[in-house]
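Data first, discussion second: the structure below is written as structure tokens.
The values are calculated or read from the model by the stated rules, or taken from the named source; none is laboratory data. Source: prediction; values computed, not measured. Please note: Cβ atoms are built from the backbone with ideal geometry, for glycine as well, and neighbour counts cover all protein chains shown. Just the protein is used for accessible areas: all its heavy atoms, side chains included, with ligands, DNA and RNA removed. Shrake-Rupley method; radii C 1.70, N 1.55, O 1.52, S 1.80 Å.
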Amino acid sequence: MGRSTLWGFGTDFTSQKWLSLDPCGILCVSLSISIHLFALFALGFTMISHYLLSQILYALLYVPFSALALASLFMATTTDPGAVPMGARPIPANLASESDSIVTERDTVRGGLRRRRGIRRCRKCNDNYKPPRAHHDSVTGRCVVKMDHFGIMNHKFFILFILYTFLTAIVSLALILIKFIRCGISVQSSNNVSQDVNKTLQYVVDSYYEEHQQQHQQYANMFLNSGEQTKPGCDAMMNSDSMIIFTLLVIVTILFFFFTCCMLIEQGEAVDTNMSKIARMKTRAGLSNADEYRPVATEFNEVFGGEHPTLSWHWFLPLPVRFPEWARDNVLGYEYNSTFPPVPYQEPSDTDAESVASSVSLGRMSVTSDRDLGDVESDIENVYVGGGVTLDQDSSSVKKRSTTASIT
């Protein structure tokens with residue numbers, strides 16, 4: 001779908017509030033909310049009536065877990081995942097190394113891969129700066145830091161949504177099991193005993209109330225039907241509508257239990273290795289280096305934020321992710337504030353190919369004045385090719401200037 005905005009909500013560079021307007025994403029979020037609400041009310045009206053233990057489990061465990069799951073889903077949907085703003089620029093400490101680096105990217109014209117010198121840029125984001133750990137998301141139309149259906153700023157909420165959905169599934173299974181055991185045994189035992197009880201009570205009625213049968217008929221009917229009574233709250237299981245709801249609840253609970261269990265295992269690996277699924281795929285394909293995705297610091301956890309790397313209470317609450325001020329730019333991989341112009345960052349002139357040439361050690365080579373800068377870059381390019389690195393021929397910017405460079 002790409003970048004879009006509606007009433008200030010959207011994923012465009014000018015959107016005031018983050019919200020993906022992708023129809024498929026909105027459908028999935030709506031479906032998740034609907035299923036949670038269905039399970040919440042279905043359990044409340046059919047599973048916990050007339051039984052104290054079920055009511056306690058529902059009130060103290062299921063309702064809080066369900067509320068936290070929905071809150072986490074809301075935060076995951078409306079939190080900026082770490083989209084790179086227009087005008088973002090490299091961190092000053094990394095500018096020189098990024099400008100001198102060889103960037104590997106896909107050639108959309110000729111196909112395959114190509115390499116060039118300079119900072120990474122995203123052509124789909126109008127040549128905006130692309131931090132090392134950022135990937136372009138075609139759904140939102142933005143480059144997102146550590147993107148994998150979520151980003152570095154809302155990865156926590158996605159994990160919490162999966163975790164609390166998994167916990168609601170466990171509690172739901174427990175409530176269903178309690179209901180089945182309690183009411184199933186009650187119905188079965190009442191059917192087996194009812195015939196013997198009816199015969200005995202009928203004999204008592206016939207023997208002692210023959211003369212006053214009409215007077216005591218209402219009491220006899222009460223005793224005769226007592227064997228067919230089920231436990232309080234179990235009669236709903238005999239209703240066809242209740243059975244449909246009960247069956248749907250069982251199916252949904254089991255499906256969500258196994259799905260969220262698998263997702264938690266996968267996300268645990270992502271947190272442990274600090275690499276998303278997309279990052280692992282790019283590393284295996286040779287498009288990225290594994291060192292690129294290492295944590296920038298060990299003083300905190302990149303997924304959950306905070307000031308310490310150890311488990312903390314805020315990990316389990318859908319609160320915004322906070323990084324230490326000294327590390328925020330390093331985690332995101334770029335520098336930005338509201339005073340920056342909303343245009344793609346342009347590298348300073350002292351980081352152009354001329355300065356790159358002056359930093360390469362190739363023995364002793366002199367470049368005379370009044371030579372085209374393209375000739376200088378051609379010499380450097382030939383050296384890189386000789387060293388086994390292929391540079392893009394179109395990446396040189398030829399300018400006529402007077403230069404004197406000494407490469408030693």
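Looking at VAL271, VAL252, which is the one that is open to solvent by less than 40 Å² (accessible area, probe 1.4 Å) and aliphatic (A, V, I, L, M)?
VAL252
Going by what's in this entry, would PHE150 be described as within 26 Å of the chain's Cα centre (by Cα), open to solvent by less than 40 Å² (accessible area, probe 1.4 Å) and modelled with pLDDT under 90?
Considered against the rule, which asks whether it is within 26 Å of the chain's Cα centre (by Cα), open to solvent by less than 40 Å² (accessible area, probe 1.4 Å) and modelled with pLDDT under 90, PHE150 comes out as yes.
So ALA96 fits all but one of (1) more than 30 Å from ILE176 (Cβ to Cβ); (2) open to solvent by less than 20 Å² (accessible area, probe 1.4 Å); (3) out of contact with any Asp or Glu (no Cβ under 7 Å at 6 or more places or on another chain); what number is the exception?
(2)
Identify the residue in region 331-357 that is open to solvent by 70 Å² or more (accessible area, probe 1.4 Å) and either touching a Ser or Thr at 6+ places or on another chain (Cβ under 9 Å) or modelled with pLDDT under 90 (or both) and, among all such residues, is nearest to THR78 (Cα to Cα).
Out of the qualifying residues, it is SER338.
Of the residues that sit in region 143-163 and are among the charged types (D, E, K, R) and touching a Lys or Arg at 6+ places or on another chain (Cβ under 9 Å), which one is nearest to LEU70 (Cα to Cα)?
ASP148
Being open to solvent by 60 Å² or more (accessible area, probe 1.4 Å) and assigned to a helix (DSSP H, G or I) narrows it down to one of ILE56, ILE35, so name that one.
ILE56
Tell me, which residue of region 310-329 that is in a helix (DSSP H, G or I) and closer than 14 Å to MET153 by Cα is nearest to the chain's Cα centre (by Cα)?
It comes out as TRP315.
What are the pairs, 6+ residues apart or on separate chains, where a residue within region 125-150 that is part of a strand (DSSP E or B) has its Cβ under 6 Å from a residue that is open to solvent by 10 Å² or more (accessible area, probe 1.4 Å) and among the acidic types (Asp, Glu)?
From residues that are part of a strand (DSSP E or B), the pairs are VAL144/ASP137.
Working carefully through the options PRO85, PRO64, find the one that is modelled with pLDDT of 90 or more, not charged (D, E, K, R) and not in a helix (DSSP H, G or I).
PRO85
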